[in-house]
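What follows is a short report on a single structure.
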Amino acid sequence: MKKNLTCIVCPLGCHLEIEVIHGEIIVKGNKCERGKSYAEEEIKSPKRVLTTTVKIKNGKYNVVPVKTTGPIPKDYLFELLKKLADIEIEAPVPQGFKVLEKVYQEVDVVTTRSMEKREITKNIKDIKNKASNPT
Ligand code: SF4
């Protein structure tokens, strides 16, 4: 089996050629050992950082962006997305708020921005002011 990959470990982005011969992983094109480790992990157990959004109640917006604090197995991404689709948190929340803990080993799902509460009182006052002063 042959596979071509771009190493994403550092900005150099080496072009990697990976070949598996009788269970042995042969990597070419890497300029350092980190590239070899990356290629081997991509073959044995590929992982990705998940970024998505979750619903938020009473927030300025209806959803808030979240991400995993580290890479998780690619095979688990869809299941985690389904779990997150069923979750609704409540505003206000700070950046880094834990939405789910330890989804994979020590990896959590956290908010990537803060979300303040929707300003309902101020909006009602504005509407009342406009109604009594229609010019
Ligand atoms: S192989 Fe090494 S030098 Fe090349 S992109 Fe990967 S980490 Fe960077």
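Throughout, read-outs are computed from the coordinates displayed, never taken from laboratory work. Everything numeric in this text was worked out from a predicted model, so none of it was measured. In this analysis, Cβ positions are derived from the backbone assuming ideal geometry, glycine residues included, and neighbour counts consider all displayed protein chains.
Things to note:
Residues checked against (1) among the charged types (D, E, K, R); (2) buried (at least 18 other Cβ atoms within 10 Å of the Cβ); (3) touching a Cys at 6+ places or on another chain (Cβ under 9 Å); (4) part of a loop (DSSP other than H, G, I, E, B):
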site	(1), (2), (3), (4)
4	no, no, no, no
10	no, no, yes, yes
13	no, no, yes, yes
18	no, yes, no, no
25	no, no, no, no
31	yes, no, yes, yes
35	no, yes, yes, no
38	no, yes, yes, no
41	yes, no, no, no
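- Check on residue 79, in a helix (DSSP H, G or I), within 16 Å of the ligand (Cβ to nearest atom) and not hydroxyl-bearing (Ser, Thr, Tyr): no
- Residues of region 48-61 satisfying the condition of being surrounded by 12 or more Cβ atoms within 10 Å (Cβ to Cβ) and more than 12 Å from the chain's Cα centre (by Cα): 55, 56, 58, 59, 60, 61
- Among the residues of region 92-107, the one identified as surrounded by 10 or more Cβ atoms within 10 Å (Cβ to Cβ) and among the acidic types (Asp, Glu) is 101.
- Residue satisfying all of: in region 17-44; within 7 Å of the ligand (Cβ to nearest atom) and not charged (D, E, K, R); farthest from residue 75 (Cα to Cα) among these: 32
- In region 43-58, the residues that are over 30 Å from residue 91 (Cα atoms) and either among the polar types (S, T, N, Q) or not in a helix (DSSP H, G or I) (or both): 45, 46, 47
- Enumeration of residues in region 6-16 that are touching a Gly at 6+ places or on another chain (Cβ under 7 Å) and either away from the ligand (no atom under 12 Å from the Cβ) or among the β-branched types (Val, Ile, Thr) (or both): 6, 9
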